[in-house]
Amino acid sequence: MICLPERELHNRPRMSVAIRAEADGERTRLVPAGNFDLAHAGAVVRAVEQAERDLIASGDVDLHLSAVERIDGSGAVLLARLMNRLEARGLRTRLIDDQNHHAFRLITLYRERRAEARPQPPRIRSLVAQLGFVGAAMPDRLSGALDFVGQAAAAVPRAFVSPRSVDWSSLPRLMQSICADALPVACAANLLIGLIIGFLGVSQLGRFGAEVYLPELVVIAQFRELGPLITALVVAGRSGAGLASELATMQVSEEIDALRSMGFNVVSWLVVPRCLVLLATVPLLTWIGDVFALTGGLLATIVSTDMTPRAYLLGAEPFITVPNFLNGMIKTPFLGLVIGLIACKQGLAARGGAAAVGARSTSAVVMAMFGVIVTSALFTLFLTLLGI
């Protein structure tokens, strides 16, 4: 038998906390006795540890709750973890109500939450089964995505009616992390794209002696398509993952639940400012990236041909027009919105522990990049059909 008397700290009245172990044939009965609450947390922890060390059992273990006088969440968590560790040792555990319904419900609740958070082993499916699984889940995913978009759309007018429903104080921090911190990567990516266009143009146009059209190729390709696309992909890979992991961490640490319990609308408070920042920063980054791409094309032309910088600028000037510029810029706010909605949706959908944060971040990056490509292709198709 294990009997562990303890004394309350801070000169409180003497109170006994004990866990008795009693052999009953092939079964072992664990009988916690006393107050298993936050006020006696230290005594409870020591009693649980001592009981686990001294327990000698090879079969079933029953936890009887008849002697528990008082229990709260802290005590229930410690007893639930004790049962989980005993099961990890290969023992079969069972929780006995003994008319103590409150303690039984608390311990069962914490054990169920742990079971839900435990990662399930992956099941091997055939290709046909995987296709069927994806197809069957598609209506629910589409419904959830449309529901989230609807909530975000409804939150925009609410932000004007009730400005305090949006976390406006986070805008400077978001501008710094999404725009300013992404500027070097976006500029470097567009500079390299300009170099690539220039070298490819020289290799192909040079076969026909048409290097004079190289500035036009760089301007049209960068302004209309590659500038917005490359910049949005950089933002999706960098900021999309950051936003998703931030919200996923808040979700698994129950900060989102705390905001809801305080009466905050999570979409208005968290999603709206992030989408607004992306709406503003993607066009700005695209515009700066276009300048670097033209510089990259200039460098490639100077290195690969006899064209002078002045000839390059004179050849590019007629095509640096408002229609060409707006043809690409008109899609950038929508690309930023797609990135923001996908990243926030994936972050808020996280469930479980640290593994869920990584999984949702990965999903956010993949889906945001795919969404950017699809959106850009739809805009290009639409503008082409209009003859613009």
> Which of the residues belonging to region 267-307 are over 25 Å from residue 187 (Cβ atoms) and assigned to a loop (DSSP other than H, G, I, E, B)?
Replying inline: 306
> Hey, any hits in region 233-254 for a residue that's on the phi < 0 side of the Ramachandran plot, open to solvent by 30 Å² or more (accessible area, probe 1.4 Å), in contact (Cβ under 8 Å) with a residue 40 or more places away in the chain and among the β-branched types (Val, Ile, Thr)?
Replying inline: yes
>> One residue is enough: does region 204-227 have a residue meeting the conditions at pLDDT 90 or above, of a type in the set (A, V, I, L, M, F, W, C), open to solvent by less than 30 Å² (accessible area, probe 1.4 Å) and closer than 20 Å to residue 175 by Cα?
In response: no
>> If residue 250 meets every condition in (1) under 24 Å from residue 338 (Cβ atoms); (2) at pLDDT 90 or above apart from one, which number is that one?
In response: (2)
>> Here are the criteria: (1) touching a helix residue (DSSP H, G or I) at 6+ places or on another chain (Cβ under 7 Å); (2) part of a loop (DSSP other than H, G, I, E, B); (3) among the hydrophobic types (A, V, I, L, M, F, W, C). Tell me which single one residue 264 does not satisfy.
In response: (1)
> Would a scan of region 218-228 turn up a residue that is assigned to a helix (DSSP H, G or I), in contact with a helix residue (DSSP H, G or I) (Cβ under 8 Å, 6 or more places away or on another chain), free of Cβ contacts under 8 Å to residues at least 40 places away in the same chain and within 22 Å of residue 324 (Cα to Cα)?
Replying inline: yes
> On the given criteria, is residue 315 buried (at least 23 other Cβ atoms within 10 Å of the Cβ) and either in contact with a Cys (Cβ under 7 Å, 6 or more places away or on another chain) or in a helix (DSSP H, G or I) (or both)?
Replying inline: no
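In this structure, is residue 351 under 24 Å from residue 143 (Cβ atoms) and either hydroxyl-bearing (Ser, Thr, Tyr) or not in a helix (DSSP H, G or I) (or both)?
Details: under 24 Å from residue 143 (Cβ atoms): yes; either hydroxyl-bearing (Ser, Thr, Tyr) or not in a helix (DSSP H, G or I) (or both): yes.
So residue 351 passes the test.
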> Do we find that residue 297 is of a type outside the set (A, V, I, L, M, F, W, C), at pLDDT 90 or above and over 24 Å from residue 275 (Cβ atoms) in this structure?
Replying inline: yes
>> Show the residue pairs meeting these rules: Cβ distance below 7 Å; 6+ apart or different chains; first residue within region 355-376 and in contact (Cβ under 8 Å) with a residue 12 or more places away in the chain; second residue crowded, with 19+ Cβ neighbours inside 10 Å and among the hydroxyl-bearing types (Ser, Thr, Tyr).
In response: 357/245; 361/245
> Exactly one of (1) at pLDDT below 85; (2) open to solvent by 10 Å² or more (accessible area, probe 1.4 Å) is unmet by residue 33. Its number?
Replying inline: (1)
> In region 95-104, is there at least one residue being out of contact with any strand residue (DSSP E or B) (no Cβ under 6 Å at 6 or more places or on another chain) and closer than 23 Å to residue 26 by Cα?
Replying inline: yes
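Mind listing whichever residues of region 367-387 are within 23 Å of residue 321 (Cβ to Cβ) and surrounded by 12 or more Cβ atoms within 10 Å (Cβ to Cβ)?
Step one: of region 367-387, the residues within 23 Å of residue 321 (Cβ to Cβ) are 376, 379-387.
Within region 367-387, 376, 379, 380, 383 qualify.
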> Counting only residues that are among the acidic types (Asp, Glu) and at pLDDT 80 or above, how many does region 8-21 have?
Replying inline: 0
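Do you know which of the residues in region 61-73 that are outside any strand (DSSP E or B) and open to solvent by 40 Å² or more (accessible area, probe 1.4 Å) is nearest to residue 90 (Cα to Cα)?
66
Among the residues of region 161-170, are any more than 25 Å from residue 363 (Cα to Cα) and among the aliphatic types (A, V, I, L, M)? So that I can check it myself, show each step before the final result.
Going through region 161-170, the residues more than 25 Å from residue 363 (Cα to Cα) turn out to be 161-169.
Still in the running and among the aliphatic types (A, V, I, L, M): 161, 166.
The answer is yes, given that some residue of region 161-170 is more than 25 Å from residue 363 (Cα to Cα) and among the aliphatic types (A, V, I, L, M).
Check whether at least one residue in region 122-130 is outside any helix (DSSP H, G or I), open to solvent by 80 Å² or more (accessible area, probe 1.4 Å) and of a type in the set (A, V, I, L, M, F, W, C), and report yes or no. Don't jump to the end; show me each part of the working.
In the first step, residues of region 122-130 are kept if they are outside any helix (DSSP H, G or I); the result is 122-126.
Filter once more, keeping what is open to solvent by 80 Å² or more (accessible area, probe 1.4 Å): 122-125.
Checking the rest, the ones that are also of a type in the set (A, V, I, L, M, F, W, C) come to 124.
Scanning region 122-130 turns up at least one residue that is outside any helix (DSSP H, G or I), open to solvent by 80 Å² or more (accessible area, probe 1.4 Å) and of a type in the set (A, V, I, L, M, F, W, C).
The values are calculated or read from the model by the stated rules, or taken from the named source; none is laboratory data. As the structure is a prediction and not an experimental result, all values here were calculated from the model. Cβ coordinates were reconstructed from backbone atoms using ideal geometry, including for glycine residues, and neighbour counts include every protein chain displayed. These area figures cover heavy atoms from the full protein model, side chains too; ligands, DNA and RNA do not enter into them. Shrake-Rupley method; radii C 1.70, N 1.55, O 1.52, S 1.80 Å.
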